[in-house]
Amino acid sequence: MKSFEQGKELVRILQQASNIWKSAGQLSFKERYTLVGNKTKALLGEGSYGQVYKCIDRHTKQTVAIKQVKKQGKRDDQILRMRLEIELMTILSEENHPGVVKIIEYTEDSQYFNIAMEYVEGGSLQDWVLENKQNQYKEDVYRPIIVQLVEGLSFMHKLGIVHRDIKLDNILLNKDPITKKIEPKFVDFGLSFLLFPGQTSEEPVGSLAFLSPEIVKYLPHTAQTDVWSLGIVVYIIMTGRFPFVSTEAVQITMQNIAHKEINFNQSFWIEKSSQAKDLIAQMLKKDAKERITTQKLLEHPWIQQQGQMRANAAGVSAPGINCYNKE
């Protein structure tokens with residue numbers, strides 16, 4: 001029954017996404033969006049995927065990020081992958097969840113994909129980790145970020161979407177200039193796909209340091225591969241270290257991922273709470289079937305403490321947690 005209801009919900013959202021596809025391109029990108037400064041100053045990032053520019057939406061006066069992907073040189077499967085990425089981003093954006101960067105509009109012509117997205121000003125989680133080394137032993141500092149990441153991943157998985165490339169660079173941070181509150185958002189769904197209950201994938205994708213044991217072993221994987229990758233992210237946030245990476249060879253890193261266990265006797269774990277260690281242990285179980293799910297993660301005592309802290313501040317009890325305000 002649950003699978004049937006999930007299927008119906010996905011069909012509904014896909015139909016909405018299809019309607020957006022049909023309406024895409026009615027407004028000219030060149031007319032609606034303008035670069036902030038010249039092309040060099042407006043460039044936010046670039047890679048094999050293309051370029052991302054900081055722009056102003058002339059209609060709403062808001063700052064947006066424009067991702068431009070050139071079709072020339074792309075294989076047919078890469079073009080299809082790009083279209084799937086846009087579809088998945090549209091599905092996620094329809095639900096308006098704060099843990100995922102939203103797509104605003106897009107066009108496709110014979111030469112380019114042009115994608116207007118929500119602009120996130122606070123940099124990447126990679127930047128935050130490097131800037132906050134002094135806070136790596138302060139669990140209450142990074143707990144809100146980790147809780148929001150768990151909620152964001154749980155949201156994706158409920159829709160049947162598996163990210164498959166969770167890493168520090170694929171998490172951007174919104175920072176409120178007044179309250180200083182940090183809001184993490186997942187980005188880059190280029191390797192993501194839809195996975196219905198009971199389905200698996202055998203495609204070996206992801207970024208080396210964040211690969212799950214099942215992927216390095218070329219075994220079928222499920223949404224649990226994302227839990228592992230997020231577990232690596234959480235480990236790095238807590239310690240400032242990568243748990244399995246070897247500077248000697250890629251093969252050693254892969255062997256470590258597949259077989260090496262976490263050593264909680266290392267000095268940088270001494271000041272961590274037992275609940276924090278248990279969270280890491282549950283997320284980084286080698287066997288995907290034994291690994292904690294996103295739903296169970298939300299119920300974990302270390303995660304639940306965030307809800308209790310918020311409730312204490314408000315003077316009420318907290319039966320559960322949700323870091324996002326639903327109005």
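Here, each number is a calculation from the coordinates, and none is a lab measurement. Given the structure is predicted, the values throughout are model-derived calculations rather than measurements. Backbone-built Cβ (ideal geometry, glycine too); neighbour counts: all protein chains shown.
So what are segment 125-314's ellipsoid semi-axes, whole angstrom, largest first, if each one is the square root of 5 times an eigenvalue of the alpha-carbon gyration tensor? Before the final figure, lay out the partial values.
Numbers: eigenvalues 127, 80, 53 Å².
Semi-axes, largest first: 25, 20, 16 Å.
Mind checking Rg over Rh on segment 149-224, alpha carbons, Kirkwood formula for Rh?
Values: Rg = 14.2 Å, Rh = 13.6 Å.
We get a ratio of 1.04 for segment 149-224.
Kindly rank 167-177, 96-106, 251-261 from highest to lowest mean number of other beta carbons found within 10 Å of each residue.
Values: 167-177: 17.7, 96-106: 19.6, 251-261: 15.6.
The packing order, highest mean first, is 96-106, 167-177, 251-261.
Distances over 27 Å make up what percent of all Cα-Cα pairs in segment 72-220?
Values: 3166 of 11026 pairs.
So the portion of pairs separated by more than 27 Å is 29 percent.
For segment 28-118, count the residues as N, evaluate 2.2 N^0.38 Å, and divide the Cα radius of gyration by that value, please.
Rounded to two decimals, the normalised Rg is 1.08.
Cut-off is 10 Å between beta-carbons; in what order do Val234, Val36 appear when sorted fewest neighbours first?
Details: Val234 22, Val36 14.
Final ranking by Cβ density, sparse to dense: Val36, Val234.
Taking other Cβ within 10 Å of each residue's Cβ, how do Ser201, Ser192, Ser110, Ser124 sort, fewest first? If you can, show how the numbers build up before the last one.
Working: Ser201 16, Ser192 23, Ser110 6, Ser124 19.
So the ranking, lowest neighbour count to highest, is Ser110, Ser201, Ser124, Ser192.
Could you give the distance between the Cα centres of segment 248-307 and segment 134-186, to the whole Å?
Centre-to-centre (Cα) distance: 17 Å.
If contacts are Cα pairs under 8 angstrom and at least 6 residues apart, what is the relative contact order of segment 28-118 in percent? Can you show the working numbers first?
Numbers: 133 pairs, mean separation 22.1, N = 91.
For segment 28-118, the relative contact order is 24 percent.
Can you give me the P(r) profile for segment 185-227? Cα pairs, bins 10 angstrom wide beginning at 0, each as a whole percent.
Here the calculated profile for segment 185-227 is 26, 60, 14.
Quick one: net charge around Gln111, please, counting Lys, Arg +1 and Asp, Glu -1 for every other residue with C-beta under 9 Å from its C-beta. It would help to have the intermediate numbers written out before the result.
On the way: positive: Lys70, Lys71; negative: Asp109.
Here the count lands on +1.
Arrange the peptides 75-88, 144-157 so that the one whose residues have, on average, the most other Cβ atoms within 10 Å appears first. Present the calculation step by step, with values, prior to reporting the outcome.
On the way: 75-88: 15.3, 144-157: 22.4.
In descending order of packing, they fall as 144-157, 75-88.
Net charge near Glu31, counting Lys/Arg +1 and Asp/Glu -1 over other residues with Cβ under 14 Å of its Cβ?
On the way: positive: Lys30, Arg32, Arg58; negative: Asp57, Glu105.
Taking every other residue near Glu31 into account, the sum is +1.
List the residues whose amide H sits under 5 Å from the amide H of Ile104, counting only those 5 or more places along or on another chain, with H placed 1.01 Å from N in the peptide plane.
Correct list: Ala116, Met117, Glu118.
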